[in-house]
Amino acid sequence: MSHHIVEVGELQHQYADGTCAVTSISFRITHGEAVAIIGANGAGKSTLLLHLNGALAATAGTIRIGDTLLTPATVPQIRRTVGMVFQNPDDQLFMSTVAEDVAFGPLNMGLSGAELEARVVAALTQVDALYLRHKAPYHLSGGEKKRVAIATVLAMSPDILVMDEPTGGLDPYARRQVMELLSGFQHTRIVASHDLDMVLELFPRTIILCQGKVAADGPTTTIFRDRELLARCRLEQPLAMQGCPVCREGAKQ
């Protein structure tokens, strides 16, 4: 299972305008781990995730997926292992119909005919979106677009699932659907999110980024109990850990 392992070593990325988005980030994620990347806006979360399947090239440092070093030559191989769901579904949906979008990746892997059709049906069924297969993506709601974007990645059968803000902008029902999908994925999961209650529920390990660096890496519950650490990183505890202020006020009376 070494191909499921993600190793990031001294990763740095500087944008063309001189902004240094990530600085000397290192970590190792092993097979089957569910790891959340959290941090304030501008901490470097999205930039980091975009490196994991070669969507961005590092200014310095290394990324290995299993025994394979990520290079321009190995990007196609890496992308068959690492499935990336972007924060904005519109970045992934560009075909005339949902079914064509979901088929795009497997088609480029060489699948065709009944095998391709089965892959599309399975992926859409997994996200409860088979009924959308003949619709145009631009006619979908935000939650539907998010689920279809996930299906486009699942259709590739990735061993590592990387998602940027998977529950962002979703209503409670759609959010719960995505969370159930994440909890059912059997391989490695790496998610960047501001939804700290989702992180607390689904991700045993959390990495905090602060100003492009790793500020903490450890058990999620331990990290969320450290209010001083969270405050330094411009974060707060999940609502589930804060308790109800109304109940607390009532207890004082």
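Here, each number is a calculation from the coordinates, and none is a lab measurement. Being a predicted model, the structure only gives us computed values, none of them experimental. Cβ placement follows ideal geometry from the backbone for every residue including glycine, while neighbour counts extend to all protein chains displayed.
Taking R0 as 25 Å, what FRET efficiency do you get between Asp90 and Leu130 from their Cβ-Cβ distance, rounded to the nearest 0.05?
Working from the Cβ atoms, E equals 0.75.
So if the hydrodynamic radius of the chain is defined as the Kirkwood radius over C-alpha pairs, what does Stokes-Einstein give as its diffusion coefficient at 25 °C and 0.890 mPa s, in µm² per second?
D, rounded to a whole number, is 129 µm²/s.
Quick one: putting +1 on the C-beta of Lys and Arg, -1 on the C-beta of Asp and Glu, what dipole do you get for the chain around its Cα centre, in Debye to the nearest 20?
So the magnitude is around 320 debye.
Find how much the distance from Ala73 to Leu107 grows on full extension, using 0.36 nm per residue of separation minus their present alpha carbon separation; answer in nm with one decimal.
Gain on extension, Ala73 to Leu107, equals 10.2 nm.
If amide hydrogens are placed 1.01 Å from N in the peptide plane, which non-local residues have theirs closer than 5 Å to the one on Arg133?
none
Taking θ as phi - 60°, what are the ³J(HN,Hα) couplings along region 95-104 by the Karplus curve (6.51, -1.76, 1.60), each to the nearest whole Hz, with x for Gly and Pro?
8, 6, 9, 4, 4, 5, 4, 5, 7, 4
Determine the relative contact order of the chain: mean sequence separation of Cα pairs under 8 Å and six or more apart, normalised by residue count, in whole percent.
Relative contact order of the chain: 25 percent.
What list of ³J(HN,Hα) couplings, whole Hz, do you get for region 41-57 from phi and the Karplus terms 6.51, -1.76, 1.60, once you set θ to phi - 60° and write x for glycine and proline?
3J(HN,Hα) across region 41-57, in whole Hz: 4, x, 6, x, 4, 5, 4, 4, 4, 5, 7, 5, 10, x, 5, 10, 9.
Would you compute, from DSSP H runs of 4+ residues alone, the mean residue ellipticity of the chain at 222 nm, taking -39500 (n - 2.57) per run and dividing by the full residue count, rounded to the nearest 500?
Computed mean residue ellipticity for the chain: -10500 deg cm²/dmol.
How long is the gain from Tyr138 to Asp17 if the chain were fully straight, where each residue apart is worth 0.36 nm and the alpha carbon distance is subtracted?
40.3 nm
Order 138-144, 97-103, 61-67, 198-204 from most to least packed using the mean count of other Cβ atoms within 10 Å.
Highest to lowest by the protection proxy: 97-103, 198-204, 61-67, 138-144.
If you average the C-alpha positions of region 21-42 and of region 132-170 separately, how far apart do those two centres end up, in angstrom?
22
What are the ³J(HN,Hα) couplings of region 131-136, residue after residue, when phi is run through the Karplus curve with 6.51, -1.76, 1.60 and θ = phi - 60°? Round to Hz, x for glycine and proline.
Karplus-based 3J(HN,Hα) across region 131-136 equals 5, 9, 4, 9, 7, 7 Hz.
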